[in-house]
Amino acid sequence: MALRRAVTVSLTCCLFACPPRGGGHVLEAGHNIPLLPDGSPAPEPCPEDAKAIVRLLGLENPPGGALAEIDANQRGREPLTLFSGPVESVLVDRLGNIGGGSRFYGRIWITQRGVVIRYYHAQMIKGEVFPICVVARRDADQMKSSPGAYPGSAEVEGSAAWIFIVEDYR
């Protein structure tokens with residue numbers, strides 16, 4: 001089963017010309033998204049290659065989402081201090097065929113309403129990076145925060161959030 005999944009993802013990445021691992025594309029994803037007046041990222045469509053991979057892997061959201069540690073470098077930290085910019089998160093629960101320990105790469109925005117996190121890429125353990133459309137949520141679809149101790153930072157209670165596969169970023 002694991003071999004089949006690895007082959008499926010590898011073939012999918014070849015079909016959709018996924019860039020090689022470790023490339024700057026992972027860190028730059030979401031960088032040029034226009035901001036709304038409150039500092040939130042503007043809505044954006046999910047790329048077709050990400051939608052195709054979600055369909056190919058048969059990914060569906062579990063009830064209530066899948067738990068993930070927001071920052072791989074600050075697991076278990078309370079409160080969690082976040083800054084706008086790239087983020088690497090670690091999946092705790094399964095998200096369909098994507099097992100715990102897998103990585104999600106995306107971007108954090110600190111806004112007037114709280115924190116917004118969008119993930120643009122995922123990587124299963126010992127697997128290739130592939131495109132995906134996922135968001136982190138808490139508190140009835142918002143991630144409430146308070147001003148952080150550092151300029152431009154925000155603090156959230158707890159280090160984990162629920163992540164969900166989405167059709168488009170809103």
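Could you pull out the residue among 85, 100 that is more than 13 Å from the chain's Cα centre (by Cα) and without any contact (Cβ under 8 Å) to a residue 24 or more places away in the chain?
The match here is 100.
Identify, from the list 42, 50, the residue that is exposed (fewer than 15 other Cβ atoms within 10 Å of the Cβ) and either in contact with a Gly (Cβ under 9 Å, 6 or more places away or on another chain) or at pLDDT 95 or above (or both).
Matching residue, one of 42, 50: 42.
Could you tell me whether residue 33 is at pLDDT 80 or above and part of a helix (DSSP H, G or I)?
Considered against the rule, which asks whether it is at pLDDT 80 or above and part of a helix (DSSP H, G or I), residue 33 comes out as no.
Looking only at residues in segment 87-145 that are among the acidic types (Asp, Glu) and assigned to a loop (DSSP other than H, G, I, E, B), which one is farthest from residue 39 (Cα to Cα)?
Among those residues, the one meeting the criterion is 128.
Counting only residues that are more than 21 Å from residue 76 (Cα to Cα) and surrounded by 12 or more Cβ atoms within 10 Å (Cβ to Cβ), how many does segment 129-164 have?
6
Check 54, 87 and return the single one that is of a type outside the set (Gly, Ala, Ser) and more than 21 Å from residue 152 (Cβ to Cβ).
54
Consider residue 3 carefully, then state whether it is modelled with pLDDT under 95 and either touching a helix residue (DSSP H, G or I) at 6+ places or on another chain (Cβ under 9 Å) or β-branched (Val, Ile, Thr) (or both).
So residue 3 does not fit the description; no.
Looking only at residues in segment 129-165 that are within 19 Å of residue 66 (Cα to Cα) and polar (S, T, N, Q), which one is modelled with the lowest pLDDT?
Looking at the filtered set, the residue picked out is 142.
Taking segment 59-78 as the search range and keeping residues that are surrounded by 15 or more Cβ atoms within 10 Å (Cβ to Cβ) and touching a Phe, Trp or Tyr at 6+ places or on another chain (Cβ under 9 Å), which one is nearest to residue 166 (Cα to Cα)?
61
Kindly indicate whether any position in segment 112-127 is at negative phi, modelled with pLDDT of 95 or more, touching a Cys at 6+ places or on another chain (Cβ under 7 Å) and of a type in the set (Ser, Thr, Tyr).
Looking through segment 112-127, none of the residues is at negative phi, modelled with pLDDT of 95 or more, touching a Cys at 6+ places or on another chain (Cβ under 7 Å) and of a type in the set (Ser, Thr, Tyr).
The values are calculated or read from the model by the stated rules, or taken from the named source; none is laboratory data. All figures in this text were calculated on a predicted structure; none of them were measured in a lab. Note: ideal-geometry Cβ built from the backbone for every residue, glycine included; neighbour counts use all protein chains shown.
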